[in-house]
1. Cut-off 12 Å, label point 7 angstrom out along Cα-to-Cβ of D413: give me the residues of the range 305-347 whose amide nitrogen falls inside.
2. Expressed as a whole percent, how much of the Cα-Cα distance distribution for the range 196-333 exceeds 24 Å?
3. At 1.4 Å probe size, with the rest of the protein present, what percent of the exposed accessible area of the chain is carbon and sulfur atoms?
4. Counting only Cα, what are the radius of gyration and maximum Cα-Cα distance Dmax of the range 93-186, in Å?
5. Roughly speaking, what is the stretch gain from S39 to S717, that is 0.36 nm per residue apart minus the C-alpha to C-alpha distance, in nm to one decimal?
6. Under 1.5 on a/c is rounded, so check that first for the range 684-756, then, if it is not, pick prolate when a/b is larger than b/c and oblate when it is not; a ≥ b ≥ c are the square roots of the alpha carbon gyration tensor eigenvalues.
7. Cβ under 14 Å from N710's Cβ, N710 left aside: what net charge do those residues give with Lys, Arg +1 and Asp, Glu -1?
8. 222 nm [θ] for the chain, helices only, -39500 (n - 2.57) per DSSP H run of 4+, per residue, to 500?
Amino acid sequence: MFTAITQLSYRGKSRREYIWGAGRGDTLNCMLAGTVLGSEIVRIRDLRGAVFDEARYQLVDGGTSTLPYHSWIVARGDEQWPEGMGDTEAREVLEPYLQGFAFSATAMRLARPLASAERIYGMGEHTGSMDKRGQAYPIWNIDPPQYHGPQTVNMYVSIPFYLGFHVDDGRASGVLIDHTGLVEMDMGKSNEAEASMTVQGDTLVAYFFAGPTPADVMRQFTDLTGRMPLPPRWTIGYHQSRWSYDSQQQVQQLASKLRERNHPCEAIWLDIDYMNGFRDFTWNPEAFSDPKQMLDDLHAQDFHLVTIINPGTKVDENYDVYQQGMKHDYFCRHRDGELFQGNVWPGRCAFPDYSRSEIRTWWGNLYKDLLEQGVDGMWNDMNEPALTKILSGNEPQVHGLTMSSDVLNRAGDDQPTGPDGPPTLHKFFHNAYGMEMARATHDGLLRLRPDSRPFVLTRSGTAGVQRYAAVWTGDNSSEWEHILMAMPMCLNIGISGVPFVGVDIGGFWKASNGELLTRFTQLGALLPFCRNHNAVDNPDQEPWAFGEPYEDACRKAIEVRYRLMPYLYTLFHEAATTGAPIMRPLYYHYRQDEQAHDVESEFLLGDSLLSAPIYEQGAIGRRVYLPEGTWFDYWDGTEYPGMGWSDIAAPLERWPLFVRGNSIVPSGPLMQYTGQRATDPLTITCYMAEDGLASYTLYEDDGSTLAYRNGTSAQTSINCRVSGDLTEVEIEEHFDGYRPQREWYEVIVQVGGRTLQQRVKAGLGKVVVRL
C-alpha cells in the first residue's frame, strides 16, 4: 500500500534546494527537496525519513560541479545552471510539482495527471505502437526472447524518460526519473488519467522539462543528460556485418567483392568467432593468423574494421584478462564476497564491475593491442548484462537472465561523494551497467587515440548513453513486420535522447530473401546507423546474396545515402549541439496536424526529407501521409499537396521519398566510401514553391579529429528566394580553421515544374546566383 505525501510544510533552503517536510508534528515521513534549474527544468527529490543529507556529490564524468546526490545519468551539475529567480518566485514555481508523491515500506512513487489528449513517447526501446499511453513497462534492461515481436515489453535499452505530447494544442513536456534500477512506468494502464512511476528504495528523483515544443524538451533533456559527440564521418556510412565472418580469408574476399561490385561500404564487422575461444581481446590463431596484415589490407582498400567485445570474461586461470581481474579484484562479487559467475559464450564467466573508475580505466586500456593492430571501432554486446547457454550443447535456453540483484557494485567504495558515488546493490545499478561498459570503451579509445574520435556501438544503455555510444535495436528477425516495428522503435529511442540509432538491415534471426532484404535496405538507407547484420546458420544476406534485380536495388538505396552525406552529417552536428533526433516523428515538426500525430510508418530525416518505407510483401506502392505544404517526389520531382494522403508507386528499386517544399538539400558525388574524394561539386538543390523562401546552413569539418570541439569547421549559408520571374540563390561561406576542398557548387532550383541549374565557382566567400 502506498501512502500519499500530504501535509507539506516548508522547512527552509539548503544551497539551491528548497525543503518541505511531510508528516504530523515532529515526525517526518518524507522530505521533498525542490530545485529550479535555469528557467525550464525543475527537480524534485522525494527522500524517505527526517534526516537531510547536506553532502555534495561530484558529477559522474568528473569536474568541479556537483549534485546533492549521486547520478549515473545527469551530466550537468547544479552550479552550471544560472540562478534566474528569487526564493519566493522559485517556491511558487516548485509548489505545483510537489503533488503526486507517495511511499510504501519499500518503494517510492510519483503519479502525474494525464490529459485526455496527451500521448506518451520515449522510454527507450520497446516494440509496439509509438504512443505508449495505456501501457505499462518495466524499465529494466534484458536480452529479450529470441524472436521478439510487437508485444515485447522490455528490451536492451531502457530509459526512464517520457515526452508527453498534447495533440489538441501541440504542447510538449517531459519527465525523467533519475534511477538506474527497476522503474515501473505505468502510462495510464491502471488509471487512464494518471501516469505513475515507481522505484524501490528510499529516494525518488524526478526532473520535469517545461517544453513547450518537442524540440524544446529534447534540448532541455540533453542539456541535463548530455549529447552525442560528433562521430567519425565514416561511421555514418554503410556497414557490413554478420555472425560471423569467421576467417581472415573470408573477410578479405568480402572486402574485395564489395569494391568489385561497387557497393558503397565503410566497415566490416567481426562477431564473436574472431576470438580465441570467445575470450575478449584475443584472435583465433588459426582463422585469423595475421590480423595486422588483414587490417593493413583492409585499410589499403579504405575499409574500417569493428570488433565485438562482451563483458563476460572467461573463467580460465591461463587467460591473462581473467588473471588481471582476479589479481586486482576487478570482478563483480555478491555481498558476501563470493565471485559472481554466469554463463555466456565461453562458458563460465566473471564480469567487470564497471561502477568503479579504476576498472573502467583497466578495461579501456585493454583495447590497446586491438587498436595497434588497426581495429577502428568497438562493438559492446551482451552488456545488459545477459547470460546465455545458447552454445552450451543441449541445455535449454532461458532469456532474460542477468546478474544477481544482490551483487554489490562497489562504485566509489570509501569515497561515496566522488564521481562513482556510494556502493550500491546491482538491482539499483543494473540499467547503467551497459552504459558504463560503453563509457569504459569510449574513454579508453579516446585515451589511446587522443586525436581521433572514438566509435562505440552498444546494445544496452540507459539515459545518458548517447554521451558514449551509438545503439541499435538488437536481434530483430527477417520478417516483414520487423520493418514496420523498426520505425516507432527507432523514433522513440531518438526521443529518448539517443540520436545515433539503427536496426539490423535484412533481419538478424531467420532467413531473409531478395525482396525483404531490398525493402529492409531502403529503410536502413536513411536511418542514422546503417548496418546489414544476420545470425549464424542463416543464408547470406550481403547485397548480392539473392541476385538481380535485388542487388541493384540494394545498391541504389545505399547510393542515396552516400549522395546525401552532406545533409546527413549536418544533421549529426545538429544532434550533437542541440539534442535534436536525426530521424523524427511527424509530430515533431507538425504539432498542429492531428493526422500527422498518428503516423508511425513514415519518418522525417531532419526537417526536409520524409521517408515512407515499404513494409508489405509484394507491395509496389503504398499510401503516404504528407503534412502541410507542398512535397516533391525525390525521384522525379513530381509535386504533391500536403495535409492529406497520396497513393505513391514504389517499384522494387525505389520507395516513397519526399522533399519538403521551400527547403534546400545539399548532396555530393557518389562515392564508394566517405573519404574517396572531395565533396566537389557540392550540389545545392532548392525545392521551391512559387513565391517561396528557403534557407539552410551546411556544416563541415575534417570528419575525424576532435578539432571541431574548438569550433574548427566550415559553415555555408544558403538562401533561395523565388518571387515572380526572379529566382535567386545566395551562398555565403564561413571558414573557421577548416576549409573543404571544393572548386564548384552545382546550384539546382526546382520550381513550378521547371528545373533551373547553374554551376558556380566555390571559395569566393559570398556569391549571388540569379537563374
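The values are calculated or read from the model by the stated rules, or taken from the named source; none is laboratory data. Everything quoted here is computed from the prediction, not taken from an experiment. Because the Cβ atoms are built from the backbone with ideal geometry, glycine has one as well, and the counts that use them run over all protein chains shown. For the accessible areas, the whole protein counts, side chains as well, though only heavy atoms, and no ligand, DNA or RNA atoms are used. Shrake-Rupley method; radii C 1.70, N 1.55, O 1.52, S 1.80 Å.
1. 328-331
2. Details: 5342 of 9453 pairs.
Counting every Cα pair in the range 196-333, those more than 24 Å apart make up 57 percent.
3. On the way: 12260 of 27020 Å².
The value for the chain is 45 percent carbon and sulfur by accessible area.
4. Looking at the range 93-186, its Cα Rg and Dmax stand at 14.5, 47 Å.
5. Working: separation 678, 0.36 × 678 = 244.08 nm, distance 3.13 nm.
Between S39 and S717, full extension yields 240.9 nm more.
6. Details: a/c = 3.26, a/b = 2.71, b/c = 1.20.
The shape class here is prolate.
7. Working: positive: R453, R709; negative: D451, D701, D702, D736.
So the surrounding residues net to -2.
8. Numbers: 15 runs with 149 residues, N = 771.
Helix contribution divided over all residues of the chain: -5500 deg cm²/dmol.
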